[in-house]
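Only one structure is covered here, and it is reproduced in the block below.
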Amino acid sequence: MRRPTPEMLQSLRAQYTKGSRVRLTQMDDPYRPDLKAGAMGTVNGVDDAGNILVHWDCDSSLSVLYGVDACTIVERRKLND
């Protein structure tokens, strides 16, 4: 598994701010068949490995793994919100 550079980690944290809404575009987890492309969730933060911590509307808290899964921002929250 690849790790983000410090610059990439800073960029991810600036982009995926807490409270932002995201839509899942890619996740291949056979244990969570309810998390498919189109699932919506709220960002809780980005960890030191670059994974986006998300609370999904289906009540899952599975992270979007850096370099493996993908999501897009639907509504961005500012850092001070």
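The values are calculated or read from the model by the stated rules, or taken from the named source; none is laboratory data. Quantities reported herein were computed from a predicted structural model and do not represent experimental measurements. As a convention, Cβ positions derive from the backbone with ideal geometry for all residues, glycine included, and neighbour counts pool all protein chains shown. Surface accessibility is based on the protein's heavy atoms, side chains included, excluding ligands, DNA and RNA. Shrake-Rupley method; radii C 1.70, N 1.55, O 1.52, S 1.80 Å.
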Check your understanding: Given (1) aliphatic (A, V, I, L, M); (2) in a strand (DSSP E or B); (3) modelled with pLDDT under 90, where does LEU79 come up short, assuming only one miss?
Key -> (2)
Exercise for review: Pull up the range 33-60, narrow it to residues that are open to solvent by 80 Å² or more (accessible area, probe 1.4 Å) and free of Cβ contacts under 8 Å to residues at least 12 places away in the same chain, then point me to the one that is farthest from SER11 (Cα to Cα).
Suggested key: PRO33
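Quick check on the range 60-69. Is at least one of its residues on the phi > 0 side of the Ramachandran plot and in a loop (DSSP other than H, G, I, E, B)?
Within the range 60-69, one or more residues are on the phi > 0 side of the Ramachandran plot and in a loop (DSSP other than H, G, I, E, B).
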